[in-house]
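For reference, the structure discussed in these notes is given below.
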Amino acid sequence: DVKVTQSSRYLVKRTGEKVFLECVQDMDHENMFWYRQDPGLGLRLIYFSYDVKMKEKGDIPEGYSVSREKKERFSLILESASTNQTSMYLCASSLGLAIPYNEQFFGPGTRLTVL
Amino acid sequence: GDSVTQMEGPVTLSEEAFLTINCTYTATGYPSLFWYVQYPGEGLQLLLKATKADDKGSNKGFEATYRKETTSFHLEKGSVQVSDSAVYFCAFMDSNYQLIWGAGTKLIIKP
């Protein structure tokens with residue numbers, strides 16, 4: 001089974017802090033994704049990566065950056081956390097982008113609260 | 001632009017009731033369609049999918065049929081259980097290989 005793990009389930013940070021969210025997948029997937037999930041808004045894509053050291057902006061990249069130094073690890077960085085970044089953050093991975101490899105597998109999520 | 005519209009929740013049903021969660025989409029072309037489920041305290045997992053018109057995806061008693069003419073992908077189950085209580089998300093893959101998500105529908109099943 002594919003396993004996607006995220007470094008923390010719950011995180012509380014203060015405004016202005018630098019925050020790192022880590023995601024690791026164990027199935028040699030090419031693609032990795034970071035979403036945020038907010039009530040009534042569904043999932044919104046922040047960034048994704050289709051290869052090591054490659055990244056693409058999603059729909060809401062402002063205030064975030066990412067790093068993918070190794071294939072299995074994809075980090076989301078909040079350079080200076082703000083209260084409007086309080087959210088559930090979900091990491092996902094997929095083997096490929098085209099059918100039938102495009103199923104995304106999700107981690108359990110990190111609920112981040114910025115005070 | 002591309003979007004997904006699904007029923008607002010919460011949807012509350014009694015055990016063994018029939019379930020329908022409506023989903024319609026706006027997209028160019030004929031995208032792959034998905035239903036994901038998020039059980040309490042867990043990450044999202046794929047429930048079912050369909051890749052072309054008239055395809056029926058099915059899993060765990062749930063079904064959804066890709067209706068090109070109505071751009072819909074409604075989720076149905078004939079007899080729900082308490083364990084089906086979760087949040088259900090409809091999504092499709094756009095031409096840039098990105099998933100476009102609905103807002104989610106919370107389902108509550110009472111014994």
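Okay, here's what the table says:
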| quantity | calculated |
| --- | --- |
| Members of the stretch A:84-108 that are more than 8 Å from chain B (Cβ to nearest Cβ), part of a loop (DSSP other than H, G, I, E, B), in contact (Cβ under 8 Å) with a residue 60 or more places away in the chain and surrounded by 15 or more Cβ atoms within 10 Å (Cβ to Cβ) | A:95 |
| Residue that is nearest to the other protein chains (Cβ to nearest Cβ), among those in the stretch B:50-68 that are under 17 Å from residue B:3 (Cα atoms) and surrounded by 13 or more Cβ atoms within 10 Å (Cβ to Cβ) | B:66 |
| Any hit, the stretch A:69-83, residues being within 14 Å of the chain's Cα centre (by Cα), farther than 21 Å from residue B:40 by Cα and of a type in the set (Val, Ile, Thr) | yes |
| Subset of the stretch A:7-28 (residues that are under 24 Å from residue B:87 (Cβ atoms) and surrounded by fewer than 20 Cβ atoms within 10 Å (Cβ to Cβ)) | A:7, A:8, A:9, A:10, A:11, A:12 |
| Selected residue (criterion: farthest from the other protein chains (Cβ to nearest Cβ)) from residues of the stretch B:82-95 that are surrounded by fewer than 19 Cβ atoms within 10 Å (Cβ to Cβ) and either modelled with pLDDT of 95 or more or assigned to a strand (DSSP E or B) (or both) | B:82 |
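Yes/no matrix, rows are residues, columns are (1) surrounded by 19 or more Cβ atoms within 10 Å (Cβ to Cβ); (2) without any contact (Cβ under 8 Å) to a residue 40 or more places away in the chain:
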position	(1), (2)
B:1	no, yes
B:13	no, no
B:26	no, no
B:38	yes, no
B:41	no, yes
B:70	no, no
B:80	yes, no
B:97	no, yes
B:111	no, no
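The values are calculated or read from the model by the stated rules, or taken from the named source; none is laboratory data. Small disclaimer: the values here were computed from a predicted structure and weren't measured. Please note: Cβ atoms are built from the backbone with ideal geometry, for glycine as well, and neighbour counts cover all protein chains shown.
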